[in-house]
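Everything below concerns the one structure shown next.
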Amino acid sequence: MRAMNKAISIMIFGLFVNAGTPVETLVPIQNIFSPEGFDSNDNVEVIVEGQLPNLCHKTPMKKVTIKGNTIDIKVTALSYHESNPFCPEMVVPFLETVSLGVLDKGNYKINVNGKTVFAKDGVLTVNESTSDAVDESVYARVDYIEKSHGSRTVKLKGYNPSDCFVLEKVEVFHNNKDVYSILPKMKQISDFCPMKMIPFEYDVEVPKTLNKSRVLIHVRAMEGKSINTIFDNK
């Protein structure tokens, strides 16, 4: 009897160990968004939309391999065994920015989770830069994109690091498929630039050019970063 109880205890302990030890697993991918307008001196990005099947999956991770004009991206998550008591059934959507670094001009093929049931393909175009400077434009330090239901106006919110920079213009263009790129370009109006956090809100009208019901809003931000959100384009 003692031997049986011991065996049962070992089995239960093993189940708890398995339930509490995560493993890395591939996750479903819905879309690959490739913004237009990257040059060969930019930090190029693509944005991957997917979903975690349940709360057993945590922390999406990306691994990038570039060979010639082929970009392979592996998107995984830490997955706990379904016997874990903290894993309720709930689909968790995610939007991950994948940094590809500085790329040569040309057309690139993108494979995400290639040769698996979760595989998605995409394309990316990098233009030749007109300057040797890395990202010669200075963009606003956007932290957040505020959307309002039923409105095509979005608010770009954030803080600029000094009052010597003011908004010069906002450029909006698209990739002829599913991404609107918004570039809030700043200009320096003074040589004296004391560090002073200046809050801002910039209203931008989203065009009606693209036909997709869901599109990506891709906003370039200061220091080579970007802010991205899904926009209801109906």
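The values are calculated or read from the model by the stated rules, or taken from the named source; none is laboratory data. Keep in mind it's a predicted model, so treat the numbers as computed, not measured. With ideal geometry, Cβ positions are generated from the backbone for all residues, glycine too; neighbour counts draw on all protein chains shown.
List of remarks:
- Number of residues in the range 44-70 that are closer than 20 Å to SER99 by Cβ, in contact with a strand residue (DSSP E or B) (Cβ under 6 Å, 6 or more places away or on another chain) and in contact (Cβ under 8 Å) with a residue 24 or more places away in the chain equals 13.
- Scope the range 221-234; condition over 12 Å from the mean Cα position of the chain (by Cα) and either over 18 Å from ILE32 (Cα atoms) or buried (at least 16 other Cβ atoms within 10 Å of the Cβ) (or both); matching residues: ALA221, MET222, GLU223, GLY224, PHE231, ASN233, LYS234
- Taking the listed residues VAL206, VAL138, the one that is modelled with pLDDT under 95, within 24 Å of ILE47 (Cα to Cα), aliphatic (A, V, I, L, M) and more than 18 Å from the chain's Cα centre (by Cα) is VAL138, with no other qualifying.
- Residue check, SER129 in contact with a strand residue (DSSP E or B) (Cβ under 7 Å, 6 or more places away or on another chain), of a type in the set (S, T, N, Q), in a strand (DSSP E or B) and under 28 Å from ILE73 (Cα atoms): no
- Cβ pairs under 6 Å, 6+ apart, first in the range 170-181 and in contact (Cβ under 8 Å) with a residue 60 or more places away in the chain and under 13 Å from GLY122 (Cβ atoms), second part of a strand (DSSP E or B) and among the β-branched types (Val, Ile, Thr): ASP178/VAL215
- When residues of the range 27-47 are limited to those that are polar (S, T, N, Q) and in a loop (DSSP other than H, G, I, E, B), the one farthest from VAL117 (Cα to Cα): ASN41
- Of all residues in the range 54-77, those satisfying the criterion of being at pLDDT below 90 and either surrounded by 15 or more Cβ atoms within 10 Å (Cβ to Cβ) or at negative phi (or both) are ASN54, LEU55, CYS56, HIS57, LYS58.
- Residue selected from the range 151-197 under the condition part of a loop (DSSP other than H, G, I, E, B) and modelled with pLDDT of 95 or more, by the criterion farthest from the chain's Cα centre (by Cα): SER151
- Tally, over the range 198-230, of residues that are under 21 Å from ARG141 (Cβ atoms) and either part of a strand (DSSP E or B) or touching a Leu at 6+ places or on another chain (Cβ under 8 Å) (or both): 16
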